[in-house]
1. What would the Debye formula give as log10 I(q)/I(0) at q = 0.21, 0.29 Å⁻¹ for the alpha-carbon point model of the range 79-123, no solvent?
2. Add -39500 (n - 2.57) for each DSSP H run of 4 or more in the chain, then divide by its residues: what number comes out at 222 nm, to the nearest 500 deg cm²/dmol?
3. So, with +1 on the Cβ of K and R and -1 on the Cβ of D and E, and no other charges, what is the size of the charge dipole of the chain about its Cα centre, to the nearest 20 debye?
4. In the neighborhood of residue 94, defined by Cβ-to-Cβ distances under 12 Å, what is the net charge if each Lys or Arg adds +1 and each Asp or Glu adds -1?
5. If you wrap a convex hull around the alpha carbons of the range 1-65, what volume per residue comes out, as a whole number of Å³?
6. Set Lys and Arg Cβ to +1 and Asp and Glu Cβ to -1, take the dipole of the range 79-123 about its Cα centre, and tell me which of 98, 108, 86 lies farthest positive.
7. Where does each of 105-118, 64-77 land if you order them by average Cβ count within 10 Å, highest first?
8. For the chain, what does the equivalent ellipsoid look like in terms of its semi-axes, each the square root of 5 times an eigenvalue of the Cα gyration tensor, given largest first in whole Å?
Amino acid sequence: METNRIVVQASRWEGGWDLVVDDNNATSVSALKHAKQQVRDYLDTVEPEVDHSHVEILIRATLDGFENEIAEAKAQTEQAARLQEVAAARIRNVARQLKDRGISSADTAELLGVSTGRVYQLLS
């Protein structure tokens, strides 16, 4: 069963989550936040000669189709973070260009819709 990456199917039940590693291996956990460590501990039990500490464990929850909603929400959040990084770099660049044109910090703040203090942060 040794591999660098294991995809575990997690199914909810009243006592927590069933974690299916493969057709012959499964365990359970009360909360998903402990799932990766539980899988690692389980694998260490069935294969004590193998070091599982560096195995990448991906937990895939089965939630009657709601998995797609979760994936889309996470993807949009990641996209928003990337766009925020681009926007932050751009506003810093614009603030520098306005300063280079001799525009005051107060006027730059007004043009960019931020406080004068924020302009100083952008320029530092």
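1. Evaluating at q = 0.21, 0.29 Å⁻¹ gives log10 I(q)/I(0) of -0.62, -0.99.
2. Value at 222 nm, helices only: -16500 deg cm²/dmol.
3. Here the size comes out at about 1200 debye.
4. Surrounding charge for residue 94 is +4.
5. About 85 Å³ per residue, rounded to a whole number.
6. Going by the Cα projections, it comes out as 86.
7. Output ranking for 105-118, 64-77: 105-118, 64-77.
8. Gyration-tensor ellipsoid for the chain: 51, 17, 11 Å.
Read-outs: derived from the displayed coordinates by stated rules, not from any lab. As the structure is a computational prediction, the values presented were derived from the model and not from experiment. As a convention, Cβ positions derive from the backbone with ideal geometry for all residues, glycine included, and neighbour counts pool all protein chains shown.
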